[in-house]
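Since the structure comes first, as structure tokens, the remarks are kept for the end.
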Amino acid sequence: TFDLSFVERNPKFDKVERSLTDESFASKYNNFYEFGGTKGIWENAQALPTENWKVEVTGLVKNSRTYDLDDLQKKFPLEERIYRFRCVEAWAMVVPWIGFPMNKLIDDVEPTSAAKFVRFTTYYDPKITTGPLHFGSLPWPYTEGLRIEEMANDLAFFATGIYGHSLPKQHGAPIRMVVPWKYGFKGAKSLVKIEFLDKQPATFWNTI
């Protein structure tokens with residue numbers, strides 16, 4: 001991991017009504033179905049290959065881009081935000097994410113007026129991301145969607161770090177979506193593609 005302790009906390013997101021979750025809990029209690037169906041997948045997730053990572057941004061935009069990690073770090077200034085989220089499974093965490101607002105990427109690629117939705121796609125390689133075998137057939141690769149207005153909301157965030165360092169693989173290294181009003185730890189991780197669309201995309205969950 002890379003040290004990101006120099007990143008300043010955004011004062012608009014510097015506190016919540018609970019203390020931070022201890023990193024030892026947050027780093028070993030994860031949802032990442034590509035590596036298994038339990039919460040204890042952090043060891044399996046170390047198989048994720050993150051070298052020479054690229055994220056393709058395409059669809060209904062004026063400026064299609066393919067970013068590597070260096071592009072992302074230089075083009076979009078990083079900040080830290082404290083976000084609280086609760087899961088429908090009756091657990092909660094308070095986490096210090098590091099990254100940049102999604103609306104900065106919107107500004108860079110300039111969606112056309114026809115773009116109404118956005119689809120986020122997670123890395124998938126059936127030889128590496130074997131999934132929870134007892135779940136049966138699943139609609140890989142994992143995808144999530146937002147309305148473009150949701151992506152433009154100041155709360156919508158791309159995380160590249162957590163707890164003062166770069167994202168561990170079990171959190172969705174090297175870049176994941178963080179939308180505190182939905183998805184929780186189930187959001188799209190290890191992003192490889194972001195597509196701006198005119199129609200609501202099918203996602204992993206509504207396909208199931």
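The values are calculated or read from the model by the stated rules, or taken from the named source; none is laboratory data. None of these values were measured; they are calculated from a predicted model. Cβ atoms come from the backbone with ideal geometry, glycine included; neighbour counts cover every protein chain shown. For the accessible areas, the whole protein counts, side chains as well, though only heavy atoms, and no ligand, DNA or RNA atoms are used. Shrake-Rupley method; radii C 1.70, N 1.55, O 1.52, S 1.80 Å.
Of all beta bridges that DSSP places with both ends in the chain, some 90 percent have antiparallel geometry.
In this structure the stretch 95-150 gives 44 Å² per residue of accessible area when probed at 1.4 Å with all protein chains present. Remark: the Cα gyration tensor places the chain in the rounded category, a/c being less than 1.5. The overall shape of the stretch 1-71, judged from the alpha-carbon gyration tensor, is oblate: a/c is not under 1.5, and a/b is no greater than b/c. Remark: the chain carries a charge dipole of roughly 440 debye about the Cα centre, counting +1 on each Lys and Arg Cβ and -1 on each Asp and Glu Cβ.
In the calculated pair-distance distribution of the stretch 57-155, the portion above 22 angstrom amounts to 49 percent of the Cα-Cα pairs. A viscosity of 1.002 mPa s and a temperature of 20 °C, combined with the Kirkwood radius over C-alpha pairs in the Stokes-Einstein formula, give the stretch 112-208 a diffusion coefficient of 150 µm²/s. Per atom type, the chain shows carbon and sulfur on 51% of its accessible surface, probed at 1.4 Å. A convex hull fitted to the Cα coordinates of the stretch 37-93 yields 185 cubic angstrom per residue. In the structure displayed, which of Lys28/Lys186; Lys169/Lys189; Lys39/Lys169; Lys28/Lys193; Lys116/Lys199 lie more than 18 Å apart, Cα to Cα? Long pairs (Cα-Cα over 18 Å): Lys28/Lys193.
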